[in-house]
Amino acid sequence: MQYRLPQQHYPEDPTLYATGDQRPNTGLREGLVEHEEVNETIRMNAKAVIFGQQTRLRNGVMMPDEKLDRFHAGHDMVKFFYSAVRQLPLYLVDALLDKNVSVTLVQGPSLLVFHNSREHQSFHVGRTRRTIYIPEKVLREAYEKGYDYWAISEVLIQEAWPLLDYLLILETIRRLQDHLKSHYTLGYYIIKDTLRDHNKHLRDTDGKDDEFGTFFRYYADQLYSLKPAIRERDPYDIADEIFDENRERFWSHLKLYDICEVYNYPTYFAIDRDICHGAAFRLAGELNLQLEPQTTAEVMHDLWDEARFKLSRSVKTEELLEQLIAMGAEGIKAFVETVTEEIVYGLNYVTANRYDGFDITAGFKRLLQQYSGSVKADVPGSMGHGYNSLYQHYLQLKRYEFFNQYKTMDSQAQEENSLIIREMLYRVIETRLRHSQAPDFKRRVEFAGSARILIDVGEGLFEKPDPEEEAGHLCSVLAQLDLHPLYHTQFLQQYRKLSGNEHIVLKAHIAPEIERLTEFLPKPPHAYSSDPSGVNTRFIKFEKLRAHDPDNQDLFALIAALFVRLDQAQNYPEFLQQIRGLGEYARPPLEEIVANADLFADQQRGPIRDTSRQLLAEI
């Protein structure tokens, strides 16, 4: 069989670990870390086995590795580690021993790879050697700090579960290679039975949604697609192509959560958060590297860390949001795009509810509003309108992208994502279709029995927004940050670059919204009011100001004064709803009516005053 040639030299020959250098990296890490870098660290430092037996065979060929020492059974570190092993479910320990999985401590570095405080690798899974590499300093620090044994057990579950799945795929491929030497195709039962025969860790109740059933459904199509040509290939290469580390990491987190729930284990210890992350920042400090985030990606990384480590929102959260705002268009775009992506894809990282009473999306919008001289409202010329327009742009874009991904997914992936696509369709139907059409489309979505029907319903509903609109929405937000110290420097430069006008003067364009609101006015307006003289006076003033300065924000207050006086119109509740949308712009004319008890005390005009008082309370 045409496998790679085994290495013949140790320890000077750098090709010793070359069999894995070009393969995908595995293990707990942050940022971009190449597999070769991890192998280099492991190769250059002393190692000792603390659990299991060292594996030195690869495809039946002895690898010329050094024989590793083992920790003495009476060593304090060994006692601490095996106390963690005893916390694991017995079937998981049996599976680790049956598959010859070991744990190797790497002496020397506190992290296997370190680039900076946000790019490093803590643990590594050696698939060929069937071992989990852990820096000895991490284990020692956990021991010296008095960590619960379960903290180490968490590491074992997170790293061992994907490895056991990988080994299950690898052993199945080897059996299928043998099978294809005498057969041309692979049958349903040969694959499923082979997986089941070699499975030692997945719960198998012969149900569709148990651990084995989920694993089988996810990898079945790729295994069925294997052809006789794989007979002479390296099974490790085939397993690497099939194995999905992102999905496996997700499964390992679910398994960890299940075990914590069943055995009621503590969750207040976290090796990654308390030791590995701390070691990364400590090393960065020793090397005089920058600790505070400098780029948009680094700020978003720190926000994600807060969610990943289940930290309550703190002053640090607002500091990070402030940094994003100070970065201008790039920072605002990064946050809104991340939030909308999480909402569309059903993810919970930056937007996760940590039950601390803090809504990070509302908090970001509130900070933007604090730097804006515009009143708090959702009409053109306000920060609320600019932010909402940008949000809706990215929400539409992410829905469009997800829908197109959904159309290309295999049947299993479409089934897994059917709930997300249904919820998206419900929301889009409400906004894109007329009220008379919406119920029929919703029924089609509700009773759709296949992905094909959902795709047919979605065609035409999910449209890609005009890319050029993105710059306009960002400009709208930048234009309202007039109270920010960077408004006349950095933000103005960004605005001019985005708009393509190097000499533009920032001013809100509210004329289209005024035009829209004016269309609600009946003709003549005074005929629909209990205060006709008041309507006439303000309508004349409104028309004059509108003709002179169509973008004057005083027009909002005048039209609110008109709307609240049209109490005899049949669609009066609709006028009141428009006033609520005007927000703070409507407050002065409403307060004027409430304060004028003499004019609005009679039975004819009294309801207008009562309505104004109610609207003020709502605003």
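Going residue by residue through the stretch 516-537, is there one that turns out to be touching a Ser or Thr at 6+ places or on another chain (Cβ under 8 Å) and either under 25 Å from V594 (Cα atoms) or among the polar types (S, T, N, Q) (or both)?
yes
Of all residues in the stretch 390-403, those that are more than 14 Å from Y345 (Cβ to Cβ) have Cβ atoms under 7 Å from Cβ atoms of residues that are among the aliphatic types (A, V, I, L, M), 6 or more apart or on another chain, in L390/V336; L390/L474; L390/V477; Y391/V336. For R282, indicate whether it is modelled with pLDDT under 85 and surrounded by fewer than 17 Cβ atoms within 10 Å (Cβ to Cβ). Answer is yes for this residue. Name the residue, out of T351, T361, that is in contact with an Asp or Glu (Cβ under 6 Å, 6 or more places away or on another chain), of a type in the set (S, T, Y) and either in a helix (DSSP H, G or I) or in contact (Cβ under 8 Å) with a residue 12 or more places away in the chain (or both). Being in contact with an Asp or Glu (Cβ under 6 Å, 6 or more places away or on another chain), of a type in the set (S, T, Y) and either in a helix (DSSP H, G or I) or in contact (Cβ under 8 Å) with a residue 12 or more places away in the chain (or both) holds for just one of T351, T361, which is T351. Is it the case that the stretch 401-413 has a residue that's closer than 23 Å to Y218 by Cβ, modelled with pLDDT of 85 or more, open to solvent by less than 70 Å² (accessible area, probe 1.4 Å) and out of contact with any helix residue (DSSP H, G or I) (no Cβ under 9 Å at 6 or more places or on another chain)? The answer is yes, given that some residue of the stretch 401-413 is closer than 23 Å to Y218 by Cβ, modelled with pLDDT of 85 or more, open to solvent by less than 70 Å² (accessible area, probe 1.4 Å) and out of contact with any helix residue (DSSP H, G or I) (no Cβ under 9 Å at 6 or more places or on another chain).
All conditions in (1) open to solvent by 10 Å² or more (accessible area, probe 1.4 Å); (2) at pLDDT 80 or above hold for F335, with the sole exception of (1). Within the stretch 490-498, not a single residue is among the hydroxyl-bearing types (S, T, Y), open to solvent by 50 Å² or more (accessible area, probe 1.4 Å), out of contact with any strand residue (DSSP E or B) (no Cβ under 7 Å at 6 or more places or on another chain) and within 30 Å of L324 (Cα to Cα). Being out of contact with any Leu (no Cβ under 6 Å at 6 or more places or on another chain) and buried (at least 19 other Cβ atoms within 10 Å of the Cβ) holds for only one residue in D531, D440, and it is D531. Looking at the stretch 227-245, is at least one residue open to solvent by less than 40 Å² (accessible area, probe 1.4 Å), closer than 24 Å to Y91 by Cβ and either in contact with a Ser or Thr (Cβ under 7 Å, 6 or more places away or on another chain) or at pLDDT below 85 (or both)? Yes, the stretch 227-245 contains a residue that is open to solvent by less than 40 Å² (accessible area, probe 1.4 Å), closer than 24 Å to Y91 by Cβ and either in contact with a Ser or Thr (Cβ under 7 Å, 6 or more places away or on another chain) or at pLDDT below 85 (or both). Annotation: K79 fulfils all but one of (1) more than 28 Å from the chain's Cα centre (by Cα); (2) touching a residue at least 40 places away in the same chain (Cβ under 8 Å); the unmet one is (2).
Taking the numbered list (1) crowded, with 18+ Cβ neighbours inside 10 Å; (2) closer than 30 Å to A479 by Cβ; (3) of a type in the set (D, E, K, R) in turn, E502 passes all entries but (1).
Only one entry of R203, R196, R217, R174 meets the criterion of being in contact (Cβ under 8 Å) with a residue 12 or more places away in the chain, surrounded by fewer than 20 Cβ atoms within 10 Å (Cβ to Cβ) and closer than 18 Å to D94 by Cα, and that entry is R196. Output the residue which, of all residues in the stretch 565-584 that are more than 44 Å from the chain's Cα centre (by Cα) and in contact (Cβ under 8 Å) with a residue 12 or more places away in the chain, is nearest to S533 (Cα to Cα). Filtering the stretch 565-584 for residues that are more than 44 Å from the chain's Cα centre (by Cα) and in contact (Cβ under 8 Å) with a residue 12 or more places away in the chain, the one nearest to S533 (Cα to Cα) comes out as R565.
One line per residue, one yes/no per condition, for (1) under 24 Å from G27 (Cα atoms); (2) assigned to a loop (DSSP other than H, G, I, E, B); (3) of a type in the set (S, T, Y); (4) modelled with pLDDT of 90 or more:
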residue: W150; (1), (2), (3), (4): yes, no, no, no
residue: V155; (1), (2), (3), (4): yes, no, no, no
residue: E171; (1), (2), (3), (4): yes, no, no, yes
residue: R175; (1), (2), (3), (4): no, no, no, yes
residue: H183; (1), (2), (3), (4): no, yes, no, no
residue: G207; (1), (2), (3), (4): no, yes, no, no
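Scanning the stretch 258-278 for residues that are of a type outside the set (F, W, Y), modelled with pLDDT under 75 and assigned to a loop (DSSP other than H, G, I, E, B) returns P266, T267, A270.
When the stretch 458-476 is filtered for residues that are in contact with a Phe, Trp or Tyr (Cβ under 6 Å, 6 or more places away or on another chain) and open to solvent by less than 40 Å² (accessible area, probe 1.4 Å), the ones remaining, listed by number, are G458, F462, C475. For L96, the requirement of being open to solvent by 70 Å² or more (accessible area, probe 1.4 Å), under 19 Å from E154 (Cβ atoms) and at pLDDT 85 or above is not met. For the stretch 246-263, a residue qualifies if it is open to solvent by 30 Å² or more (accessible area, probe 1.4 Å), charged (D, E, K, R) and more than 16 Å from Y219 (Cβ to Cβ), and the qualifying residues are D258, E261. For the stretch 111-151, how many residues are more than 23 Å from N39 (Cα to Cα) and either aliphatic (A, V, I, L, M) or surrounded by 24 or more Cβ atoms within 10 Å (Cβ to Cβ) (or both)? Total meeting the criteria: 2. I want to confirm something. Restricting to the stretch 404-452 and keeping residues that are touching a Phe, Trp or Tyr at 6+ places or on another chain (Cβ under 7 Å) and of a type outside the set (A, V, I, L, M, F, W, C), which single residue is nearest to F250 (Cα to Cα)? Taking the candidates together, the pick is N417. Can you tell me which residues in the stretch 381-396 are in a helix (DSSP H, G or I), surrounded by 19 or more Cβ atoms within 10 Å (Cβ to Cβ) and either modelled with pLDDT under 90 or out of contact with any helix residue (DSSP H, G or I) (no Cβ under 8 Å at 6 or more places or on another chain) (or both)? Within the stretch 381-396, Q396 is the sole residue that qualifies.
From the list R516, R496, the lone residue that is free of Cβ contacts under 8 Å to residues at least 12 places away in the same chain, assigned to a helix (DSSP H, G or I) and touching an Asp or Glu at 6+ places or on another chain (Cβ under 8 Å) is R496. If you go through the stretch 550-586 and pick out every residue that is of a type in the set (D, E, K, R) and open to solvent by less than 40 Å² (accessible area, probe 1.4 Å), you end up with 3.
The values are calculated or read from the model by the stated rules, or taken from the named source; none is laboratory data. Because the structure is a prediction, the values reported are computed rather than measured. Ideal geometry is used to build each Cβ from the backbone, glycine not excepted, and the neighbour counts take in all protein chains shown. Ligands, DNA and RNA are stripped out before the accessible areas are found, and what is left, the full protein with its side chains, is counted by its heavy atoms. Shrake-Rupley method; radii C 1.70, N 1.55, O 1.52, S 1.80 Å.
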